[in-house]
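In what follows, a structure is listed as structure tokens, so that the remarks can point back to it.
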Amino acid sequence: MTRPIGTAAELERRRRRAVELVHQGESPATVARIFGVHETSLHRWRRMARSASGLTSKPHPGLTPRLAADHLAQLEALLLQGAKQHGWPNDLWTADRVAVLVQRHFGVRYHPEHVRKVLKQRLNWTSQKPQRRAREHNAKEVERWKADEFSRILREAWQRSAHVLFLDEAGFMLTPTVRRTLAPRGKTPVLPAWDRHARISVISCVTLDLKTGRPELYFELMPEGLNVCAEDSVAFLTELRRELPGPWTVVWDRHNIHSKARLVKQWLLGQPDVVLEDLPGYAPELNPDEMVWAWLKYGRLCNLAPEDVSQLRDHLVRELEWAAFDKELLAGFFNHAHLGVSL
């Protein structure tokens, strides 16, 4: 007779109920038949019940792990050195690579899927998607900018009672940004989409009123197929001056259509209360407006396969208008940039 299915606690309740029924006057043969056990097992349970802990569940300890606790500590130390330290071309760990490392250092051969379970359950590691970062990125310069330059920018903007504007541009295509979804095993979903280069460029800025701590979002969609140029930047800023008057400090990246552009410099001559500031090179993560695009592309509009550009435009407008309405979301964009401004 095979062992009944159930946890140790469930099997304990089963034994106690069987003994209880016998004590209530049911015949052992009937109880044994109800619970699907041999009558001798029922008599054994009755003898065990004479002791206070006789029927207490005793979970099966299972197999002794082949990697002991001290081995796990050594393994994590090896993993934290990075995969390049152990001969791989980058520092990213896969289950296959960890399986090789375990066999190499501990002589234990694990299947990659079991390695994944060990990392998750015993080391509290998780599967994560790496963030791309340009090789030109200078971490020390970024920290210096945040500590020195941005502190100065905020201080001077406060003294001028100026709004701080973070501005950026992005493009959206008919081809969807594909992300993971749920489906039956072995039945990969198919996402019908146009393989065309039709696109819509969008320019937006996230603003912050330093006096009230209130964030705002403003945006404009370009005509189909056009990239944002310096003329568009000037036109956007000019229109925004009507909606958001007063002193400004505009913070943006070092793209050629921004501070370096001749048209922007000419526009600035007629705007004495506008100051332009550049982000450090190759550091888009410092721009809260960059989070608008990440939220759209990898969240709200991921796996979207619009029928045409008009439908894509409708989705963009609807989602951006919703973001502009959600002040808590906009505050999260600022907080994610880790600029020392907590909203």
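Brief remarks on what is shown
- Candidates in segment 280-297 are the residues that are closer than 13 Å to Cys205 by Cβ and hydrophobic (A, V, I, L, M, F, W, C); of these, the one that is surrounded by the most Cβ atoms within 10 Å (Cβ to Cβ) is Val292.
- All positions within segment 86-95 that are assigned to a helix (DSSP H, G or I) and at pLDDT below 95: Ala95
- Checklist (1) at negative phi; (2) out of contact with any His (no Cβ under 8 Å at 6 or more places or on another chain); (3) in contact (Cβ under 8 Å) with a residue 12 or more places away in the chain; (4) of a type outside the set (Phe, Trp, Tyr) applied to Arg132, failing item: (3)
- Filter pass, Glu20 being modelled with pLDDT of 85 or more, assigned to a loop (DSSP other than H, G, I, E, B) and not assigned by TED's automatic domain parsing to the domain that holds Tyr110: no
- For Leu269: the one exception among (1) surrounded by fewer than 19 Cβ atoms within 10 Å (Cβ to Cβ); (2) farther than 23 Å from Thr238 by Cα: (2)
- Checking each residue in segment 308-339 for being under 30 Å from Leu182 (Cα atoms) and free of Cβ contacts under 8 Å to residues at least 24 places away in the same chain picks out Ser310, Gln311, Asp314, His315, Arg318, Glu319, Glu321, Trp322, Asp326, Glu328.
- Condition met for Pro130 (of a type outside the set (S, T, N, Q) and under 30 Å from Ala69 (Cβ atoms)): yes
- Leading residue by the ranking (surrounded by the most Cβ atoms within 10 Å (Cβ to Cβ)) among those in segment 79-107 that are under 16 Å from Arg122 (Cα atoms) and touching a helix residue (DSSP H, G or I) at 6+ places or on another chain (Cβ under 6 Å): Val98
- Lone qualifier among Pro112, Pro189 - being modelled with pLDDT of 90 or more, surrounded by 12 or more Cβ atoms within 10 Å (Cβ to Cβ), touching a Ser or Thr at 6+ places or on another chain (Cβ under 9 Å) and more than 20 Å from Arg254 (Cβ to Cβ): Pro112
- Of note, Val102 does not satisfy the criterion of being over 30 Å from the mean Cα position of the chain (by Cα), over 30 Å from Ala283 (Cα atoms) and not hydroxyl-bearing (Ser, Thr, Tyr).
- Qualifying positions in segment 262-298 - among the small types (Gly, Ala, Ser) and farther than 27 Å from Ser161 by Cβ: Gly281, Ala283, Ala294
- Residue-level check: of (1) within 23 Å of Leu329 (Cβ to Cβ); (2) in contact with a Phe, Trp or Tyr (Cβ under 7 Å, 6 or more places away or on another chain); (3) of a type in the set (Gly, Ala, Ser), Ala134 misses just (1).
- Boolean, Arg155 is farther than 23 Å from Trp322 by Cβ, surrounded by fewer than 16 Cβ atoms within 10 Å (Cβ to Cβ), without any contact (Cβ under 8 Å) to a residue 24 or more places away in the chain and not assigned by TED's automatic domain parsing to the domain that holds Pro284: no
- Candidate set: segment 51-85, residues that are among the small types (Gly, Ala, Ser) and part of a loop (DSSP other than H, G, I, E, B); chosen: the one modelled with the lowest pLDDT: Gly62
- Between Leu263, Leu268, Leu276, the distinction of being without any contact (Cβ under 8 Å) to a residue 40 or more places away in the chain, assigned by TED's automatic domain parsing to the domain that holds Leu329 and in a strand (DSSP E or B) belongs to Leu276 only.
- Listed conditions (1) part of a loop (DSSP other than H, G, I, E, B); (2) within 30 Å of Ala139 (Cβ to Cβ); (3) of a type in the set (Asp, Glu) are all met by Glu285, apart from (1).
- Any hit, segment 243-251, residues being under 22 Å from Met173 (Cα atoms), of a type outside the set (Lys, Arg), surrounded by fewer than 17 Cβ atoms within 10 Å (Cβ to Cβ) and out of contact with any Ser or Thr (no Cβ under 7 Å at 6 or more places or on another chain): no
The values are calculated or read from the model by the stated rules, or taken from the named source; none is laboratory data. All values reported here derive from a predicted model rather than from experimental measurement. Positions of Cβ are backbone-derived with ideal geometry, glycine not excepted, and every protein chain shown enters the neighbour counts.
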